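Engineer: Below you will find the structure I want to go over with you.
The values are calculated or read from the model by the stated rules, or taken from the named source; none is laboratory data. None of these values were measured; they are calculated from a predicted model. Heads up, the Cβs are rebuilt from the backbone with ideal geometry, glycines too, and the neighbour counts pull from every protein chain shown. Keep in mind that these areas ignore ligands, DNA and RNA; they rest on the heavy atoms of the full protein, side chains included. Shrake-Rupley method; radii C 1.70, N 1.55, O 1.52, S 1.80 Å.
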Amino acid sequence: METMRVLVIGAGVGGLAIANGLLGKGHDVQVYEHHDALRTSGAGITVWSNGTAALRELGVDITDRGHQLDSLRSLTESGRLLWEADLDEVTERLGSPTVQIPRRELIAEMAAALPPGALQFGRRCVSVSEHSDHVRVEFADGSSAVGDVLIGADGQRSVVRQQVLGGDPAKPTGWASWQGLTRSDLPVATGRQTLNIAGRNAHCGLIPTGDGLLHWWFDMPWKEGDRVHTVAELREMFRGWPGPVEALLASVTDDDLGFFPHIRHKVPHIWGGPRSTLLGDAVHAMPPAVAQAANQTLEDAWLLTQYMADAEGSPAERLRAYEFERRPRVLKVSRTAALTSAQRRTPIQRLARFPGWLATHSQVVSLRSGSNVLRALSPKPRLRVA
């Protein structure tokens, strides 16, 4: 295999994942991050079966580090059960578990697996130029770097995307999340069940994250110029919701509260130039309605690693092949996330209850249909002999 010098812009989930994958295949990889240290902000990340499988293939196994979930339960705001999926069965059928982990721990785990010198901080990309035999990146501090391939993993405001593709930035969806990751004495914090609650004009969720930590979120309509709610306002808005909600809001303060608007990128047909490509939010930022953004980023890193390990084809041919194979899967997930978010205004009385086996089956089908890694790792069906 031809060894390449690969420049990765961004040391978030995607940048660290692709660095681990490519270093494992023998490539020379440098990751450039514009912050002065690893970004440890954010709450928890639900790493579904496709994400844990991709991470494991990239050389990072978080099964023991994270908090494994065994159930996904959905209620109405009055407490009526809508459905419950058995995540243990999903794990058995897909061959990889669903794990909840603080974002900071996932970042630290992937960064720790990199060799010394692979991460460079305080390097903000401002310009990209591609040539017949190399790609050059200019940084804000006046320095530059030259490589064989450039990977933009620099998030929803990607400079690499703007430089190599141009076009419109990600657009707001009209919703936003108020969320946090806090220690809690509530029973839900020590369990292994994700609890989603669907209201007429709002949704919320509570996810145990291990060691007494609870990841919680509240999704509501929001547009630029609207006020950002305080905890006191959330307490009033969610008064009367099922048990854990009011108790949780009584236990947190504004200092615990994080806020981010939901956005969505149009997923282009081509993701880069002759010697560049994108992954993660830089190319397909999506609302968190199906909790797949980080998982789809890990899928990108896994598949791109496979194509970069291919001995055949020019860099451009390998990059376009990666994009061609990934795009249908991630486009499907992105559309589902956008549609799910848009449907959150559906009157609550129209939400039907589904049997557990159907909810579990739906999780399996949904995860597999939007995944490259699960489809690649699934055993081929055995022929039945009469």
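Engineer: Whole number please: convex hull volume per residue of the Cα set in the range 96-150, in Å³?
Structural biologist: Dividing the Cα hull volume of the range 96-150 by its residues yields 151 Å³.
Engineer: Per residue of the range 6-19, what does 6.51 cos²θ - 1.76 cosθ + 1.60 with θ = phi - 60° give for ³J(HN,Hα)? Whole Hz please, x for Gly and Pro, Karplus curve as stated.
Structural biologist: Karplus values, whole Hz, x for Gly and Pro: 10, 9, 10, 9, x, 10, x, 4, x, x, 6, 5, 5, 4.
Engineer: With a cut-off of 14 Å, note down the residues of the range 111-150 whose backbone N falls inside the zone around a label point 7 Å from the Cα of Leu38 toward its beta carbon.
Structural biologist: The answer is 111-121.
Engineer: Just by accessible area at a 1.4 angstrom probe, what is the order of Arg161, Arg320, Arg200, Arg136 from largest to smallest?
Structural biologist: I get Arg200, Arg136, Arg320, Arg161, largest accessible area first.
Engineer: For the chain, modelled as a GNM with alpha-carbon contacts under 10 angstrom, which of Ala376, Ala202, Ala145 fluctuates the most?
Structural biologist: Ala376
Engineer: Put Thr336, Thr209 in order of accessible area, largest first, 1.4 Å probe: what do you get?
Structural biologist: Most to least solvent-accessible, the answer reads Thr336, Thr209.
Engineer: Tally Lys/Arg at +1 and Asp/Glu at -1 over every other residue whose Cβ is under 15 Å from the Cβ of Gly21; what's the total?
Structural biologist: That sum, taken over residues with Cβ under 15 Å, equals -3.
Engineer: For every other residue with a beta carbon closer than 12 angstrom to the beta carbon of Asn50, add +1 if it is Lys or Arg and -1 if Asp or Glu, then tell me the sum.
Structural biologist: Computed value for this residue: +1.
Engineer: Largest first, what is the accessible-area ranking of Lys266, Lys332, Lys171 with a 1.4 Å probe?
Structural biologist: So, going from the largest accessible area down, we get Lys266, Lys171, Lys332.
Engineer: Starting from the amide H of Glu77, placed 1.01 Å from N in the peptide plane, find each other amide H under 5 Å away whose residue is 5 or more places distant or on another chain.
Structural biologist: Ala198
Engineer: Sticking with this structure for a sec: Percent of accessible area on the chain owned by carbon and sulfur, 1.4 Å probe?
Structural biologist: 50 percent
Engineer: Given a 1.4 angstrom probe, what's the average accessible area per residue across the chain, in square angstrom?
Structural biologist: Accessible area per residue, the chain: 45 Å².
Engineer: Within the chain, how many Lys pairs sit with Cα atoms under 30 Å apart, leaving out pairs fewer than 8 places apart on the same chain?
Structural biologist: So the count works out to 9.
Engineer: In the Gaussian network model of the chain, springs joining C-alpha atoms below 10 Å, which of Gly14, Gly313, Gly225 carries the largest mean-square fluctuation?
Structural biologist: It is Gly225.
Engineer: Could I get the Rg over Rh figure for the range 1-144? Both from C-alpha atoms, Rh via Kirkwood, rounded to two places.
Structural biologist: 1.09
Engineer: Rounded to whole Hz and in sequence order, give me ³J(HN,Hα) for the range 209-223 from the Karplus expression 6.51 cos²θ - 1.76 cosθ + 1.60, θ = phi - 60°, writing x for Gly and Pro.
Structural biologist: 10, x, 6, x, 8, 10, 8, 10, 8, 10, 9, 8, x, 6, 9
Engineer: Out of all DSSP beta bridges in the chain, what portion is antiparallel? Express it as a percent rounded to 5.
Structural biologist: 70 percent
Engineer: Still on this structure, please answer the following. Using a simple charge model, +1 on the beta-carbon of Lys and Arg, -1 on the beta-carbon of Asp and Glu, nothing else, what dipole does the chain show about its Cα centre, in debye to the nearest 20?
Structural biologist: Dipole size: approximately 1340 debye.
Engineer: What does the extension gain come out to for Arg183 and Lys25, with contour length at 0.36 nm per residue minus their alpha carbon separation?
Structural biologist: 52.9 nm
Engineer: Just checking my list [x] 66, 63, 36; [y] 54, 53, 45; [z] 85, 45, 38 against Cα extents along the principal axes in Å computed from this structure; which label fits?
Structural biologist: [x]
Engineer: Calculate for the chain the 222 nm mean residue ellipticity that helices alone would give, adding -39,500 (n - 2.57) per DSSP H run of length 4 or more and normalising by residue count, nearest 500 deg cm²/dmol.
Structural biologist: For the chain, the value works out to -10000 deg cm²/dmol.
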